[in-house]
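S.K.: Sharing a structure, written as structure tokens. Questions coming.
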Amino acid sequence: MTYTKPLPKIRPYTKEFWDAAGRGELLVQHCDDCDRNIFYPREVCPKCKGRNLRYIKASGRGKLFTFSLVEKGAPPDFKEDQPYVICLVDLDEGVRIGSMLVGYEDYWALKPGAEVEVVFHPVTAEISLPKFKPAGSDFTFPELQA
Amino acid sequence: MSIRGKVAFAGYGDIPIGKYPDRTSVQQAVQVSLMALETAGLEPEAVDCILTTRSFADEIYDWGIGLFGEEIGMRSKLEFQMFAGGSSSSAMIKVATGLILSGQAENVLLVASNKWGTMKREKAVDQLAKLHHEDWERPFGFFQIGAVALMMKLAFVYGMVTPEQSASVSVSNRKWAAMNPNAMYRDPITIEDVLNSGFVADPIHVLESPPLADGAAALVMTSADNAARLVGQPVYLLGAGSSFSFSNVSQAKISAMEGQSLAAQDAYAVAGVGPGDIDVASIYEPYPLGTLSWLVSLGLRKDMTEAGQWMLEGGGAPGGELPVTTDGGMLSRGHCAISGGMLFAVEAIRQLRGEAGERQVKDPQIALATAMGGVGNSAFVEILGINP
Ligand SMILES: [Zn+2]
């Protein structure tokens, strides 16, 4: 079945990110000018305005900063997924990423600070979306049908 | 140079808010513009500058160049669109102030008109989703209320507010809306109604999110001297402040509430007044916690807990200590997009002119209006008064 939800555009400076995601690796940017990690990826460091940015491999682990169960308000493309959980995760690399939380057992037992880890959702041949699940969960997404 | 008291609102215009499929965005805009000119005692020909913004509904509205001058039968020196989400109208007020004080415009018409009520709900929600980054938020199911919910969730998790306190804001707004003939929803609701209405996105219940509406609003701004000649009682702009905090919620260096505080401090400093001087607070509040955080950031309450308890006890309701959002606000008067933001200024002006009918606050001297854009990305405060 064709994936019809919004897809990220692959840009010259994000192709490496999405290629890695396809291999199951989460990358974040690192600025060699000010030695800071950056997410989301961009072409100029928002801190020092430096342009010497490269990708580094992230651990894929982090802590839930906040989360919300979407019951009735989803945009049209995500209606069929309700209820689903959106979240902000503070990665161990010191950057914050917006994503979806999957593989949880009891939404109402979730707490900020809970340990989570990345799980990739292959949605097209080019794009695997980095989503998050409680650390240690054995949740996985099905592989793409060829 | 301080702007305090140097420009004034000479007129205002609005129309009933709700679902009006027979009204186009252009017709709505013309109607409120003519009302604003009438309440300002101005002929259309006297307007030399028109500031508009997006309708999101009609192509001719969003693409027509010089359309409003043509529609109301005048030829301006300057007409253009501005956009900063729900705070567009506040940004327009700042630009109009600058144009007037620098002698580049004399009488400025500000107009906003939107059609979220009769547009298909999916289309409106889809439009709002465009506020979110197309690579890093939208593919993950982010949308406007969801992103706001992510931030508001923390206030509940950390015990700053209770669900009842939050719900009481919707109840208070509805009490005011009952006295506003232009409001979309006017029947009383209870805290139980709110808490039983289901979650749009936890922790925001359906009755804690704004009904999308058709609506329009207009303002006429001019110099303080002009306004005094035109109308008996001009409403002076005493101060204005603003702050942009973030665009994508994952990138927030400061919170929406800190942004509100910066805007409030800015506005109070220019106006030379403080929280204790405010007689009416017209607070932009698509969600109850927005009202509570504004009450704190405006210095009107100590913290979120106290603000929540104060609202629960009717502090901002009719007959309460300080009238808050006296037109019913986004939650009951209806969220008509950018024009919904301008209506907070319209209500403050109407109260100060003593023209608010059944919901008129007794002899207010100083009122404030606030606005926000996006998911709390921007915060604006205007302080208005009847003495320059
Ligand atoms: Zn840098």
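S.K.: Can we say B:Thr291 is in contact (Cβ under 8 Å) with a residue 24 or more places away in the chain, within 30 Å of B:Asp214 (Cβ to Cβ) and within 11 Å of the chain's Cα centre (by Cα)?
M.R.: no
S.K.: To continue, here is another question. Would you confirm, using the coordinates I've provided, whether B:Ala167 is touching a Pro at 6+ places or on another chain (Cβ under 9 Å) and not in a loop (DSSP other than H, G, I, E, B)?
M.R.: Details: touching a Pro at 6+ places or on another chain (Cβ under 9 Å): yes; not in a loop (DSSP other than H, G, I, E, B): yes.
Judged against the criteria, B:Ala167 is a match.
S.K.: Taking the residues in the range A:56-88 that are surrounded by fewer than 17 Cβ atoms within 10 Å (Cβ to Cβ) and more than 14 Å from the chain's Cα centre (by Cα) as candidates, determine which candidate is nearest to A:Leu27 (Cα to Cα).
M.R.: A:Ile56
S.K.: Is there a residue in the range B:224-233 that is surrounded by 24 or more Cβ atoms within 10 Å (Cβ to Cβ) and modelled with pLDDT of 95 or more?
M.R.: yes
S.K.: Also, quick follow-up: Mind listing just one residue for me: the one in the range A:93-131 that is more than 21 Å from A:Ile10 (Cα to Cα) and assigned to a strand (DSSP E or B) and, of those, nearest to the other protein chains (Cβ to nearest Cβ)?
M.R.: A:Leu101
S.K.: In the range A:93-114, what residues are of a type outside the set (A, V, I, L, M) and farther than 23 Å from A:Pro142 by Cα?
M.R.: Once the filter is applied, which keeps residues that are of a type outside the set (A, V, I, L, M) and farther than 23 Å from A:Pro142 by Cα, the range A:93-114 yields A:Glu93, A:Gly94, A:Arg96, A:Trp108, A:Lys111, A:Pro112, A:Gly113.
S.K.: Identify the residue in the range A:5-44 that is among the basic types (Lys, Arg) and within 16 Å of the ligand (Cβ to nearest atom) and, among all such residues, is surrounded by the fewest Cβ atoms within 10 Å (Cβ to Cβ).
M.R.: A:Arg42
S.K.: Another question, then. If a residue has to be surrounded by fewer than 24 Cβ atoms within 10 Å (Cβ to Cβ) and in contact with a Ser or Thr (Cβ under 7 Å, 6 or more places away or on another chain) to count, how many in the range B:26-56 make the cut?
M.R.: Summing the residues that are surrounded by fewer than 24 Cβ atoms within 10 Å (Cβ to Cβ) and in contact with a Ser or Thr (Cβ under 7 Å, 6 or more places away or on another chain) in the range B:26-56 gives 2.
S.K.: Output the residue which, of all residues in the range B:259-279 that are of a type outside the set (S, T, N, Q), free of Cβ contacts under 8 Å to residues at least 40 places away in the same chain and under 23 Å from B:Gly315 (Cα atoms), is surrounded by the fewest Cβ atoms within 10 Å (Cβ to Cβ).
M.R.: If we take residues in the range B:259-279 being of a type outside the set (S, T, N, Q), free of Cβ contacts under 8 Å to residues at least 40 places away in the same chain and under 23 Å from B:Gly315 (Cα atoms), then B:Gly276 is surrounded by the fewest Cβ atoms within 10 Å (Cβ to Cβ).
S.K.: Now, a different point. Can you list the strands (runs of 3 or more DSSP E) lying wholly within the range A:1-77 that have 2 or more residues being of a type in the set (Phe, Trp, Tyr)?
M.R.: Working: elements: A:27-31, A:36-38, A:53-57, A:61-70.
Fully inside the range A:1-77 and qualifying: A:61-70.
S.K.: Would you point out which residue out of B:Ala183, B:Ala167, B:Ala124, B:Ala177 is within 21 Å of the chain's Cα centre (by Cα) and either within 10 Å of chain A (Cβ to nearest Cβ) or closer than 25 Å to A:Pro6 by Cα (or both)?
M.R.: B:Ala124
S.K.: Can you name the condition, by its number, that B:Gln309 falls short on among (1) part of a helix (DSSP H, G or I); (2) surrounded by fewer than 24 Cβ atoms within 10 Å (Cβ to Cβ); (3) touching a Gly at 6+ places or on another chain (Cβ under 6 Å)?
M.R.: (3)
S.K.: Quick one: count up the residues across the range B:21-58 that are without any contact (Cβ under 8 Å) to a residue 12 or more places away in the chain and either more than 24 Å from the chain's Cα centre (by Cα) or closer than 19 Å to B:Ile93 by Cβ (or both). Show your work before the answer.
M.R.: If we filter the range B:21-58 for residues that are without any contact (Cβ under 8 Å) to a residue 12 or more places away in the chain, which is where we start, we get B:22, B:27, B:43.
Then keep just the ones that are either more than 24 Å from the chain's Cα centre (by Cα) or closer than 19 Å to B:Ile93 by Cβ (or both); that gives B:22, B:43.
Within the range B:21-58, residues that are without any contact (Cβ under 8 Å) to a residue 12 or more places away in the chain and either more than 24 Å from the chain's Cα centre (by Cα) or closer than 19 Å to B:Ile93 by Cβ (or both) number 2.
S.K.: List pairs: first residue in the range A:42-63 and within 19 Å of A:Asp92 (Cβ to Cβ) and in contact (Cβ under 8 Å) with a residue 60 or more places away in the chain, second residue outside any loop (DSSP other than H, G, I, E, B) and within 12 Å of the ligand (Cβ to nearest atom) anywhere in the structure, Cβ distance under 6 angstrom, at least six positions apart or on different chains.
M.R.: none
S.K.: With the requirement that a residue be within 16 Å of the ligand (Cβ to nearest atom) and either away from chain B (no Cβ under 14 Å) or within 22 Å of B:Ala155 (Cβ to Cβ) (or both), what does the range A:47-92 give you?
M.R.: Those that are within 16 Å of the ligand (Cβ to nearest atom) and either away from chain B (no Cβ under 14 Å) or within 22 Å of B:Ala155 (Cβ to Cβ) (or both): A:Cys48, A:Lys49, A:Gly50, A:Arg51, A:Asn52, A:Leu53, A:Arg54, A:Tyr55, A:Ile56.
S.K.: Within the set of pairs 6+ apart or on separate chains, which have a first residue in the range A:25-38 that is away from chain B (no Cβ under 14 Å), a second that is within 13 Å of the ligand (Cβ to nearest atom) and among the β-branched types (Val, Ile, Thr), and C-beta atoms under 8 Å apart?
M.R.: A:His30/A:Ile38; A:Cys31/A:Ile38
S.K.: Ok, one more. Would it be correct to say that B:Ser261 is among the small types (Gly, Ala, Ser) and over 24 Å from B:Asp327 (Cα atoms)?
M.R.: Here the answer is no, as B:Ser261 does not meet what is asked.
S.K.: Also: Inside the range B:197-223, can you point out the residues that are free of Cβ contacts under 8 Å to residues at least 60 places away in the same chain, surrounded by fewer than 22 Cβ atoms within 10 Å (Cβ to Cβ) and not aliphatic (A, V, I, L, M)?
M.R.: Within the range B:197-223, B:Ser197, B:Gly198, B:Phe199, B:Asp202 meet the criteria.
S.K.: Hey, could you check the range B:100-133 for residues that are part of a loop (DSSP other than H, G, I, E, B) and modelled with pLDDT of 95 or more and say which is farthest from B:Glu70 (Cα to Cα)? If you could, list the steps in order and put the result at the bottom.
M.R.: Pass one, the range B:100-133, residues part of a loop (DSSP other than H, G, I, E, B): B:102-107, B:116-120, B:130-133.
Applying the additional criterion that residues be modelled with pLDDT of 95 or more yields B:102-107.
On the way: B:Ser102: 26, B:Gly103: 24, B:Gln104: 21, B:Ala105: 18, B:Glu106: 19, B:Asn107: 17 Å.
My answer is B:Ser102.
S.K.: Okay, moving on. Give the range A:26-76 a look and list any residue that's among the acidic types (Asp, Glu) and closer than 18 Å to B:Pro139 by Cβ, or say none.
M.R.: none
The values are calculated or read from the model by the stated rules, or taken from the named source; none is laboratory data. Please read these numbers as outputs of a predicted model, since none were measured by experiment. With ideal geometry, Cβ positions are generated from the backbone for all residues, glycine too; neighbour counts draw on all protein chains shown.
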